[in-house]
Each structure stands twice: as structure tokens, then as C-alpha cells.
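Input: a single structure, listed below in C-alpha cells.
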Amino acid sequence: MTTNHDPQLLGAYVLGVLDEREARAVEDHLASCSRCHADLAELRAMEEAMGDVPPEALLDGPPEGGDLLLQRTLRQVRSERGGQLRRRQVGLGLVAAAVAAVVLGGGFAVGRGTAPDVGAIPQTSTAPAPPAGTKLGSATDPDTGARMTVQVKPAAGWVRVNASVAGIEQNEKCRLFVVAKDGRRAEAGSWLVSAAGEKDGTNLDGSALIAPEDVAAIEVRNFDDERIVTVPV
Amino acid sequence: MAALWSRKREAAADEALIRSLYEEHGRALLAYATRLTGDRAAAEDVVQETLVRAWRHPDTLVNGKGSVRGWLLTVARNIVTDRFRAKAARPQEVAETPTTPPVERDHADSVVDSMVVLEALDRLSSDHRDVLMEIYFRGRSVTEAAEALGVPPGTVKSRSHYALRALRETFVGQQVALKGVAG
């Protein structure tokens with residue numbers, strides 16, 4: 001046979017990137033070269049193993065628009081650690097300060113990222129997928145520099161809000177409002193910015209009696225009713 | 001108080017761990033979970049749970065980006081599988097739509113293999129890794145890869161050969177080590 005022994009092409013052949021002429025030349029050669037034939041089997045096995053790697057596995061970096069996700073995860077970890085501390089330190093009031101970051105507006109929170117019992121077998125939290133019509137928004141106020149990312153989930157005639165708010169100074173007293181298209185505002189919660197809140201932001205859940213289709217924006221104001229940041233949704 | 005300080009340090013370490021996993025692997029995890037669930041919101045829940053499990057089991061986060069990522073992806077996949085299974089057991093739930101295909105459970109071997117491949121990829125020289133990324137994982141032609149990498153097409157061909165060989169060597173060594181430990 002006239003085929004030349006060029007094992008350097010085998011890899012590209014296995015990976016399927018040779019053109020037709022080259023591929024045929026390799027195949028001709030393979031028929032007569034037992035060494036290349038053995039090599040081929042090994043490389044092919046490797047190629048098959050690579051095929052099991054999900055393509056997403058090779059992406060690097062943080063996800064786009066995943067800020068709320070990170071905040072929720074941090075919150076769950078904090079509250080689980082808080083749970084551990086409470087169990088160890090019953091009666092000591094130190095815990096609250098260490099855990100602080102979670103602020104529950106409006107009297108109740110919606111049940112995402114609730115802390116499972118520490119020590120129990122890790123359970124998947126069965127948070128249902130948010131209903132259709134869930135809206136996301138994010139904005140930075142040019143004047144105050146405050147940033148907010150919100151998720152607004154429709155309920156029957158009202159809305160649940162999850163907000164991550166950053167860039168507000170410690171000790172600022174804040175209110176979270178849902179603003180309706182007709183300008184009406186309903187408070188969805190209030191909080192005091194902690195040192196950690198100033199540094200890492202605050203994540204809070206709230207709710208308001210404004211119909212999902214009427215929601216125009218989510219807004220943070222201080223107790224002097226000065227606007228800190230508005231996120232249209 | 002020393003005790004309080006150490007607790008604060010632990011809390012800071014928790015946050016740092018979660019943040020660094022998120023910064024490094026978040027995109028891969030979320031993209032993978034989104035494909036498996038067909039639903040970004042459900043995928044976010046899966047990623048959250050995956051990161052929390054990693055935090056609960058820091059001992060599994062051994063050295064090497066490849067294996068950490070492999071572990072995280074495997075956990076994410078298992079969470080998705082378990083949820084679909086739980087849903088299937090509760091008929092009152094809304095049926096799966098065509099956009100959320102049921103997830104088959106991987107054969108344990110292929111999960112282990114893909115973790116090992118990831119780690120082996122991570123150990124390749126950057127020349128070798130780059131050429132495999134281009135022509136295998138990004139599906140580019142030799143010409144396109146040559147352009148992207150700034151080398152002649154002939155180099156892309158020979159380099160991909162040596163890259164595949166190098167990967168194979170690391171892979172086989174790793175596979176033996178890992179299966180030895182597991183089995």
C-alpha cells in the first residue's frame with residue numbers, strides 16, 4: 001500500500017475533523033497498520049468518555065443574572081448555621097447578631113430556602129417552580145448608588161416580592177413598596193440596614209395587595225419618604 | 001470573646017466558600033440544571049441546593065477544579081432526578097411538558113467517567129486543552145480552530161492528536177485510582 005504511516009492524524013480522525021480525502025487516507029492506512037489500529041481503539045474510547053461530559057461542564061465563571069440565587073443560597077447557609085448555633089447555645093443571645101442578615105418584611109415570608117433541620121439527612125427543599133408571570137428586574141439608582149434586584153411572583157390578586165438590596169448605608173431605615181400603575185403604593189416590608197447589609201446587601205421577602213397585572217415597580221424608600229431605588233418590572 | 005470571634009470567622013468562611021463555588025462553577029451548574037429541568041427557576045433551586053450540600057460536606061471538595069465541578073454537577077443531576085421522581089409519584093402535579101423531558105438516571109460508571117474526564121482535562125497543558133475545547137466541545141472545524149488559536153491547520157491536527165493521547169493517559173491513571181477507592 002502507498003499509505004504513509006502518520007499517526008499524528010489519528011486524533012483528528014477520531015475527533016471527526018478531517019476532511020473526506022484525509023479521512024479516507026487514514027482509513028486506508030488503518031486497514032494495513034496494526035499499531036495504528038490499536039491506537040485508534042484507545043483514542044476512540046477516550047473520545048467516547050469525553051462525550052459523557054455535559055457541554056455545560058466546561059463553562060466558567062458565575063451565571064448571568066444569578067444575583068438573587070447567590071443571595072438566597074447565602075441566606076440558607078446563614079440560617080442553617082444559625083440553627084446549629086441555636087442548638088449549641090440555647091439561651092445565649094449572641095446568635096441573633098451573627099445571623100442578622102435576613103429581614104422579613106410585612107410580617108411573613110414566603111417559603112423559599114427554609115432551613116432544613118441540621119443533622120437530619122440532607123433533603124432537597126421542594127420549593128415549587130415560580131408561577132408563570134414571575135417578573136425579574138434590576139436597577140441602580142444614579143443618585144443614591146443603591147442597587148436592587150427583584151423577583152415579583154403573582155398570587156391570586158396580590159404579589160410576593162423577593163428583593164436583594166445593596167449599596168445603602170448602615171443604619172438607614174428602609175421600606176419596600178410595591179408601586180401600582182395608578183401610582184398607588186403598598187408596603188411590602190421594612191428593615192434597618194446592618195453593617196453586613198451595607199457590605200453585602202440585604203435579601204428580603206415580602207408581599208403586597210396589588211394585583212400582579214397592576215404592578216409597575218418595586219421601590220425602596222427611607223422613613224422620610226425619600227426614594228432610594230426603584231426597579232420597574 | 002474568643003468563642004464569638006471564631007463563630008464569626010466560621011460564618012465568614014461559609015460565605016467565602018459559597019461565593020467562590022458560585023463564582024467559579026455557577027455558570028456551568030446553572031446551564032446544566034437549566035437544560036435538565038427545562039426551567040430556569042427550577043434550575044436555580046437545584047443550584048442553590050447543590051451549593052448548600054457542598055457547604056455541608058466540605059470534605060468532598062478536594063483539590064482540582066475538575067473534580068470539584070464533577071462532584072457539583074453530579075449532585076445537581078441527582079437532585080433533578082430525585083425531584084422528577086418525587087413528582088412522578090404524585091399524580092396530582094402538573095404533567096411534564098415537552099420542554100421538561102424526563103431525566104434518566106446516569107449509569108454510575110458514566111458519571112464517574114465524566115468526572116474523571118473533567119479532571120483529566122483540567123490537568124492538560126493549556127495548548128492541549130484549548131485545542132480540544134475548540135474542535136470537540138465547541139464543534140469547530142480545523143480551519144476555524146486554527147484561526148481561533150492562531151496556529152496553522154496542520155498544528156491543530158497534530159496537537160489534537162497529542163492532546164487526546166495525553167488526556168487518555170491521565171484519564172486511565174485517574175480512573176484506576178478513583179475506582180480503586182470507590183470499589
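Descriptive notes on the structure:
- Here A:SER194 and B:ALA13 are evaluated by their C-beta separation; at R0 = 22 Å the FRET efficiency comes out at 0.70.
- Qualifying GluC sites (Glu not before Pro) for segment A:143-209 [loop in DSSP, other Cβ within 10 Å: at most 14]: A:GLU169
- Computed E for A:GLU226/A:GLU64 - FRET, C-beta separation, R0 30 angstrom, nearest 0.05: 0.40
- Packing-based exposure ordering (other Cβ within 10 Å, fewest first) of A:ASP143, B:ASP82, B:ASP45: A:ASP143, B:ASP82, B:ASP45
- Ranking of B:VAL172, A:VAL17 by count of other Cβ atoms within 10 Å, fewest first: B:VAL172, A:VAL17
- Order of A:PHE223, A:PHE177 - criterion: other Cβ atoms within 10 Å of each residue's Cβ, fewest first: A:PHE223, A:PHE177
- Sites A:ALA45 and A:ALA156, calculated FRET efficiency, Cβ-Cβ separation with R0 41 Å, nearest 0.05: 0.15
Bear in mind these aren't lab numbers, they're just calculated from the coordinates by the rules spelled out. It should be emphasised that the depicted structure is a prediction, and the values quoted were computed from it without experimental measurement. All Cβ positions, glycine included, derive from the backbone under ideal geometry; neighbour counts span all protein chains shown.
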